[in-house]
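**Student:** If you scroll down you'll find the structure; I have some questions about it.
The values are calculated or read from the model by the stated rules, or taken from the named source; none is laboratory data. Owing to the predicted nature of the structure, the values given are computational and were not obtained by experimental measurement. Neighbour counts run over all protein chains shown; Cβ positions are idealised from the backbone, glycine included.
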Amino acid sequence: MFNGFFSHRLLIGHITYHAFMLTPMIAFLLLDAGGSAIKFFSLRRLLTLSITAALLSYMIYSGMIHLILPVILILIFIGSLHGIIHANSRQFWLNFVIAGIVSIILALPKLAPAILYINNFERISYKLPGADGVWGLITLFFESLFFQPSGDTVKDVLVNLQGPLARHEFEYGITFIPLLIILLSAVLFIKKAPKLKQCIKGQITTYLQLGLMLLILVLALAINYYSPEWNAILKQIPIIKHSSLLVRWFSIYIPVTILIAALMIDKVKQIRPLAPYITGLAIISVLIININIDRDYYANQPYDPSPIINAYTKAEKTQQAKIINQISVFQDRQGLLVTPIHRNDSLVQGASQLLCYEPLFGYRLELLPLRPLRPGLVSQLKDGQFNVKNPACYIFGDENNCKPGDHFLLEQKDAARTFVSYEPFAFNLPTWMQAINVISICLLIGIIIFWLAYPIIVYINNKKLKQTD
């Protein structure tokens, strides 16, 4: 609950990261999807798997696509660890595959356009920063995960940077408490326990799962190591090549480290009798440490959100947002274009910022097909086009007889007016996209009907059992 990754991302305004906190619940559902003693296609298992799939697809719909790979690796790690401890991982992998397939079908209406967009606007020009040495990488990792990130460490360790990196990029803190528990438990375990080889059952699947776990732990670090050759390989990997910073993969260690610490308390014989006291003291210590963390960096951020908040509150009350009627830019006294931190606030005045902050087009809008967009009224016509871009062209250009960056045409006057009024407008979808939408919606409706019917079915079945008894 108190990891720095979640709390500080929310403080800085990265709302799309909130779904990361669903990861432990998803892992729990995958491990106990219906219970091991229940036949595979029982009602309870179908209920649990459908909830799991819904949570996974929610991660996509919430905008957390950039963390999906780390979350998948976390789930694989937890499933493998569970398989080693209980010598039974078949159920987890079946649950993982089924829930994964269902979640993909549910999320396809969001995933498919995202993939099309990425193909049209590939963000592959950004360098991938990394540590230029193993010791520096380990130092950065330990500071980020167990303590507070140090600006000096970031500056001294990372190379291949394109600009300064803010503190929130290195906030993953779970405090040093889990680390202390793991180290203390490891000392006691090694001192009293038999050899590790004797503790692990000798099935080949056990060693495969152990190897998979170690690979995941190493990968989360290795992906942030820099060498020209390694960097060139990373820039060829789908999804990763579109990234500009991979330190977010440190998030893999948050649930993993906490889980290992909890298992140490539960499994090490010398600690187990003191488990309630150690757990209580650990929780209190984590709370105290988090309360006393210096957060002046976040409190003193220069951006003032009140114009947006006030405009949103007004729009919510009136059910009417300010209609966008012009394209605007900011200029300094010499008439040069500038990009102040509040430039996107123009929308509260009914203006769309020409040089907006929109990382989808690159941090400096280098991917945005700007022309013929210009400062002035949206209703201005030039060569039969209004002064506003048609968003359908960014993704479904072929179906709408346009290409990415094209504007609304004169004959699309009603659609343009609807768009700048924050209302949906009609545009053409490819047949396969329409099919995806229908399949996904039908599946979602079926799942919801099943959820609503589940208590009734269970009640009827229990009543029949009582009558039989």
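**Student:** Take A87 and tell me if it is more than 23 Å from F250 (Cα to Cα), of a type in the set (G, A, S), surrounded by fewer than 19 Cβ atoms within 10 Å (Cβ to Cβ) and assigned by TED's automatic domain parsing to the domain that holds I289.
**Tutor:** Yes; evaluated as a whole, the condition is true for this residue.
**Student:** Looking at segment 327-342, can you tell me whether even one residue there is of a type in the set (K, R), exposed (fewer than 11 other Cβ atoms within 10 Å of the Cβ) and at pLDDT below 90?
**Tutor:** Taking every residue of segment 327-342 in turn, at least one turns out to be of a type in the set (K, R), exposed (fewer than 11 other Cβ atoms within 10 Å of the Cβ) and at pLDDT below 90.
**Student:** Still on this model: From the residues in segment 418-469 that are among the polar types (S, T, N, Q) and either in the same structural domain as G350 (by TED's automatic domain parsing) or over 30 Å from R45 (Cβ atoms) (or both), which one is farthest from the chain's Cα centre (by Cα)?
**Tutor:** T418
**Student:** Shifting gears a bit: Condition (residue is at pLDDT 90 or above and among the hydroxyl-bearing types (S, T, Y)) applied to segment 131-142: is it met by at least one residue?
**Tutor:** yes
**Student:** List, please: which pairs have Cβ atoms under 6 Å, are six or more places apart or on different chains, and start with a residue in segment 109-128 that is basic (K, R) and end with one that is part of a loop (DSSP other than H, G, I, E, B)?
**Tutor:** Short answer, once both residue conditions are applied: K127/N160; K127/Q162.
**Student:** Do the conditions hold for I252, that is, is it touching a residue at least 24 places away in the same chain (Cβ under 8 Å) and either outside any loop (DSSP other than H, G, I, E, B) or closer than 12 Å to L128 by Cβ (or both)? Write out each step before concluding.
**Tutor:** Numbers: touching a residue at least 24 places away in the same chain (Cβ under 8 Å): yes; either outside any loop (DSSP other than H, G, I, E, B) or closer than 12 Å to L128 by Cβ (or both): yes.
Yes.
**Student:** Right, another one. Yes or no: R295 surrounded by 11 or more Cβ atoms within 10 Å (Cβ to Cβ), closer than 30 Å to E171 by Cβ and in the same structural domain as F170 (by TED's automatic domain parsing)? Show your work before the answer.
**Tutor:** Details: surrounded by 11 or more Cβ atoms within 10 Å (Cβ to Cβ): yes; closer than 30 Å to E171 by Cβ: yes; in the same structural domain as F170 (by TED's automatic domain parsing): yes.
Here the answer is yes, as R295 does meet what is asked.
**Student:** In segment 126-147, which residue that is in a loop (DSSP other than H, G, I, E, B) and within 22 Å of the chain's Cα centre (by Cα) is nearest to P404 (Cα to Cα)? Spell out the reasoning first.
**Tutor:** Let us first name the residues in segment 126-147 that are in a loop (DSSP other than H, G, I, E, B), namely 126-129, 132-133, 147.
With within 22 Å of the chain's Cα centre (by Cα) added as a condition, the list becomes 126-129.
Values: Y126: 21, K127: 25, L128: 27, P129: 30 Å.
The qualifying residue nearest to P404 (Cα to Cα) is Y126.
**Student:** Among the residues of segment 366-388, is any crowded, with 17+ Cβ neighbours inside 10 Å, of a type in the set (G, A, S) and assigned by TED's automatic domain parsing to the domain that holds G350?
**Tutor:** no
**Student:** Another question, then. Only residues in segment 409-420 that are in contact (Cβ under 8 Å) with a residue 40 or more places away in the chain count as the first member; pair them with residues that are outside any strand (DSSP E or B), Cβ under 6 angstrom, at least 6 apart or cross-chain, and list the lot.
**Tutor:** V420/I323; V420/I324; V420/V378
**Student:** As an exercise: evaluate D266 against (1) in a loop (DSSP other than H, G, I, E, B); (2) out of contact with any His (no Cβ under 8 Å at 6 or more places or on another chain); (3) among the acidic types (D, E) and give the number of the one condition it does not meet.
**Tutor:** Of everything listed in (1) in a loop (DSSP other than H, G, I, E, B); (2) out of contact with any His (no Cβ under 8 Å at 6 or more places or on another chain); (3) among the acidic types (D, E), D266 misses just condition (1).
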